[in-house]
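Down below is the structure, laid out as structure tokens.
The values are calculated or read from the model by the stated rules, or taken from the named source; none is laboratory data. Just so we're clear, the structure is a prediction, and the values are computed from it rather than from any experiment. Note: ideal-geometry Cβ built from the backbone for every residue, glycine included; neighbour counts use all protein chains shown. To get the accessible areas, we keep the full protein, side chains included, count just its heavy atoms, and leave off ligands, DNA and RNA. Shrake-Rupley method; radii C 1.70, N 1.55, O 1.52, S 1.80 Å.
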Amino acid sequence: KVLFITNQNSFTRNGFNKLLGSDKHQVYNDFSLNPKLTEVQHAIEKLREYCFDFIVGVGGGSAMDFAKTFYYFHKLNLTNTDQYLDHILNKKFTIPSGKLTLIPTTSGSGSEATHFSVIYNNDIKYSFARDELIPEYVIIDPIFTKDLPPKVTAYTGLDAIAHCIESFWAKGATKESKEYALQGLKLLVPNIVKACKSPTPEIRTKMARGAHFAGKAINISKTTAPHALSYRLTSHHNIPHGQAVGNLLYYFLDNTNELAEIKNIFKTDNLRNAFNKILIEIEMKIDIPILVNNDLSFFNCVNIERLSNHPFSFDKKSLKNLFYEKSKKIEHLNQI
């Protein structure tokens, strides 16, 4: 008996549902793009009577995160939201029963390779972290990404590239995580534009492998400032996560330590300009200073844990200057 947790589009767009030869399965897809803890509770109540041998998460980052969170909690017999939050916040140790498999249908989040799961409660984002959230099995098959629209290919690919770069310069980086990050970038950077404009099975394969390496990298190092600032853009400005992170990354690329290995992959000495060119080519460029319109809440809603992992320290004032002073310089150059 298998429970498939999936976005409806992911399950049917590429014919995954037609691959199932057995009737001993159930499909569940009643959750949001940014999964909520109450939706996990609802799913557990609705499916409580079923006994599954496997739980399989199929889809992008949201589906896999929902599957991971459901997997952790579904046998614990908790009765209220406070008990769920107690596990999320206090790192109680529990070994879930059953087996978890994850199958990504985008090349971006890397959730299948991490011990993190993003979940929301009352508009507050929680990064639920447990070793038990790493799946027992992962299937990386680019055939499940072959029909991704160019826009989805673009912003999920940006998320994977951001994972690699942030992981490489993170305070939490190790030799192993840096190796994963560079392996990912070598696959992602030369192929993201092609994947958006003229994808082939070979290019889809490279993007899928690159995104998985990116996930393995952040599983060790975690992310940094671009991710710390991204959640407000997604929750209040409806910018897809990968597009938000990619555009934020642009502002930090000349505010880092020497990145010779990454510059070699981009084939440039000016990393910011090279990355900006990619943003424009895949039609993902946005003007963040204009978008947030000097909104102080954008800077006040920073994920402090992720910001503390950045190689340079920032306070709210220096963050604001980073965006608005740089924006003035860009505007000046555009007028010349």
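General observations
- Partners of Lys320 within straight-line reach, counting aspartates and glutamates whose Cα lies under 17 Å from its Cα and excluding those fewer than 8 residues away in the same chain: Asp254, Asp287, Asp295, Glu331.
- Net charge contributed by nearby residues that have their C-beta within less than 13 Å of Asn191 (K/R +1, D/E -1): +4
- Size of charge dipole - the stretch 134-223 - debye, nearest 20, with Cβ of Lys, Arg +1 and Asp, Glu -1, no other charges: 260
- The tail of the calculated P(r) for the chain, taken as Cα-Cα distances beyond 31 Å, holds 31 percent of the pairs.
- Most mobile of Asn219, Asn276, Asn90 in a GNM of the chain (Cα contacts under 10 Å): Asn90
- Computed over every Cα-Cα pair of the stretch 169-290 and binned at 5 Å starting from 0, the pair-distance distribution P(r) comes out as 2, 11, 18, 24, 25, 15, 6, 1 percent.
- Normalised alpha carbon radius of gyration of the stretch 56-159 [divisor 2.2 N^0.38 Å]: 1.13
- D (Stokes-Einstein, µm²/s), Kirkwood Cα radius, the stretch 138-221, 0.692 mPa s at 37 °C: 263
- Dmax and Rg, reported as Rg then Dmax, of the stretch 196-250 (C-alpha, Å): 13.5, 37
- Violating pairs (Cα-Cα greater than 22 angstrom) within the set Lys267/Lys316; Lys68/Lys171; Lys68/Lys99: Lys267/Lys316; Lys68/Lys171
- Counting protein heavy atoms only, the chain has 50 percent of its accessible area on carbon and sulfur, 1.4 angstrom probe.
- Scattering profile of the stretch 101-241 at q = 0.10, 0.16, 0.19, 0.20 Å⁻¹ [log10 I(q)/I(0), Debye over alpha-carbon scatterers]: -0.31, -0.82, -1.15, -1.25
- Rolling a 1.4 angstrom probe over the protein heavy atoms with all chains in place gives the chain an accessible area of 47 Å² per residue.
- Separation of alpha-carbon centers, the stretch 45-118 and the stretch 262-302, rounded to whole Å: 32
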